[in-house]
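Below: one structure, written as structure tokens.
Derivation of every value follows stated rules applied to the coordinates shown; laboratory data play no part. From a predicted model like this one, the values you see are computed outputs, not experimental measurements. Here Cβ is always computed from backbone atoms with ideal geometry, including for glycine, and neighbour counts include all displayed protein chains.
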Amino acid sequence: MKIGELVKQYIKPIFFYCDTQAHDEVYSLLDPQYSKNTFGVYYPFCIEIENIEPSQSKRYWTEIYLVRGKRVRVTSQWFEASKPQFITYLKSKGIAPELDLTGDEADPITNKQPAPPSSRANSRYRGNPIGNAQNLFIRNILSSIGIESFNETDWNATKAYFSHRCAYCGTETELLIEHALPINKEKLGEHRLGNLVPSCKLCNSNKGGKDFREFLGPNAEAISQIEEYMDSRNYVPLEDNKQIKLILNMAHKEVAALADRYITIINELFVQSPNNEIDNRDTTNPVDAA
């Protein structure tokens, strides 16, 4: 299957993943640098339609999608060399975990697909995506703002408030610390006592990136209990604070920019030979060497 056909086939599953599991993933897909690092393409995976310049309109397919309240179009600027990176992305996000490379002939002896070429000079299988660092940085910020302190005794009191049962399903079992409002730049949850509720393993897994109201749906009784608990701990959610969202979006982008800066600095310590192999540059101080 050609790369363009493959991408079109998985646009809706990718946006469904953004809507239901990883709400801040859409911000990554709107970032040109993320698309370059992740897919090896030079345009963002998608762009909000109001941000498309007339001269670049042809760089995006015409179909409009709605994801996390944003109306977007997806870039059409794909190359066959990007196929392995796109498939790796789908598999890493659990969108298409069983997907195999298609369009390439298998080795007649091993019956395995050949290793695909990469579109990036330093592409590395199962490398550490910058998105992991970006999200961890945001979590660190949201986990540290303010001056609140609490300890294990406070957490035990929280479990007692919920009668040592899961705050979502009411099951009496082993309980985990769960953030009612997820700690990300979309939901702006914090690691404060008022945002911590006890959860069973199953609910913790199923809730994913949803806030407690989305997850509980029509269960008004459980929603009310969590809201009353938040009030009892004087927890005021940041949910709709546009200024903080703007600051965190800036921080998210700066992490990628900072990584690129130091990658460039370190790469400048090496030289590239005529046959495109990287050789160690002699970094000895010429004064000392003399």
Helices (runs of 4 or more DSSP H) contained in segment 150-244 and holding at least 1 residues among the acidic types (Asp, Glu) and under 21 Å from residue 139 (Cα atoms): 152-161, 212-216
The listed residue being buried (at least 16 other Cβ atoms within 10 Å of the Cβ) and in contact (Cβ under 8 Å) with a residue 40 or more places away in the chain, out of 170, 194: 194
Any hit, segment 216-225, residues being more than 26 Å from residue 153 (Cα to Cα) and hydrophobic (A, V, I, L, M, F, W, C): yes
Count of residues meeting criterion [outside any helix (DSSP H, G or I), closer than 15 Å to residue 77 by Cα and charged (D, E, K, R)] in segment 1-30: 1
Criterion: farther than 21 Å from residue 1 by Cβ and surrounded by 15 or more Cβ atoms within 10 Å (Cβ to Cβ) - qualifying residue of 74, 67, 41: 67
For residue 72: the one exception among (1) assigned to a loop (DSSP other than H, G, I, E, B); (2) touching a Cys at 6+ places or on another chain (Cβ under 6 Å): (1)
